Amino acid sequence: MKKLRTQVGIVGAGPAGLMLSHLLHLEGIESIVIEAQGRSHVEGRVRAGVLEQGTVDLMRRTGLGDRLDRESLLHNGVYLSFEGNRHHLDFRELTGKGITVYAQHEVIKDLVRARLDAGGQILFDTTELAISGVESSPLIRFHRDGEEYEVRCDFIGGCDGFHGVCRPSIPEGVLRVFERTYPFAWLGILAEAAPSSEELIYTYTDRGFALFSMRSPTVTRLYLQCSPNEDIRNWPDDRIWKELFLAGDAAHIVPPTGAKGMNLAIADVTVLSRAISDFYRSSREDLLAAYSSTCLRRLWKVQRFSWWMTAMLHRWDSQNEFDHRRQLAELDYLTSSRAAMTSLAENYVGLPLE
Ligand code: PHB
């Protein structure tokens, strides 16, 4: 068995795990990242693509800004589209901030490169991962290349996503789950087609929500509301193209509503890396103890915003005509009141970290 020792063992090489490792390294703290998938898989996995200003600032400040500055697209706002009309929300004018379009897997590539260049360890392609001793002496075990591994550490960073092994490893009584299951899902489409709008379009249509987004001047990214058990075989390419042209002028598509997943991950590990480095520097545990409550305060506001966007822009099976008129009134109010627009804008560009 291979026995390794590090200060922080990080499970998962997504944005949270890799950024945590990167930030800890800049504080002089050693970590090992352990990932089930291979490098090419995590670097190619198509996910979200909108960065809040705070995420961009952090990347630049920590030496990850070069390719981002060359290849990303800066947007000053988004469009909301309903009942055949398109309304522009000018985030720059409302909040002084914009948003940056840069795919999550590009952020991952930049982080992997930065970690490897700095001599960091990322162990890809692992199986049978298990963690133990979370309350006493943390230990991560796994298999790789036919060999058994054991990593002893002071802390485990559980960054392996909603379905990973870390979440269920939190001791009974410590983990509380607050859940809202939405009765729909989103069909994500990546198309080799030049974006037909210079900014994102969130659309509410008779058949539900659609989002028009992009990845580059030649690649369009779209999301369509669908059923949670939608069969992808019902969506051959020609149906997708037909839908897109139908959505056309009046609509174009709407999205998985908040654009917040990756930004939340980055916000969490910013707070966590500060708490861990405070612990090593001064043996203080108060920031670590406050980690959850610090993040949860902001997280619930982001949760509220994502829920509100989702509720406003989707068709619900249970919805009656009253609900439909109320949604349209909400959109009408939103696009005609500066106060309402400012509220959307300040949430979309990102609430302050503390
Ligand atoms: C994306 O470009 O992937 C994207 C944009 C906005 C969202 C969600 C996803 O709200």
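We did not get these values from a lab; they are worked out from the coordinates using the rules stated. Keep in mind it's a predicted model, so treat the numbers as computed, not measured. Note that we place each Cβ from the backbone using ideal geometry, even for glycine, and neighbour counts take in every protein chain shown.
One table, with the values for the structure above:
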item	result
For the chain, diffusion coefficient by Stokes-Einstein and Kirkwood Rh (Cα), 37 °C, 0.692 mPa s, µm²/s	151 µm²/s
Per-selection Rg to Rh, segment 60-154 - Cα, Kirkwood hydrodynamic radius	1.21
Segment 188-202 versus segment 272-293: alpha-carbon centroid distance in Å	42 Å
Long-range HN-HN contacts of CYS166 with modeled amide H, under 5 Å	ASP160
Backbone HN-Hα couplings from phi across segment 146-152 [Karplus 6.51/-1.76/1.60, Hz, Gly and Pro as x]	x, 10, 8, 10, 9, 10, 8
Nonlocal amide H pairs with ALA185, under 5 Å, H built at 1.01 Å	CYS226, SER227
Among ALA36, TYR291, GLY208 the positive-end extreme of the charge dipole of the chain (Cβ point charges)	TYR291
Quarter of Cα convex hull surface for segment 262-345, i.e. mean projection, nm²	7.5 nm²
Reciprocal mean inverse distance between Cα atoms of segment 5-94 - Kirkwood radius, Å	16.1 Å
In segment 55-128, GluC sites (Glu not before Pro) in a DSSP loop with at most 13 other beta-carbon atoms within 10 Å	GLU83
Other-chain or far-sequence residues with amide H under 5 Å of LEU123's (modelled H)	VAL33, ILE34, GLU35
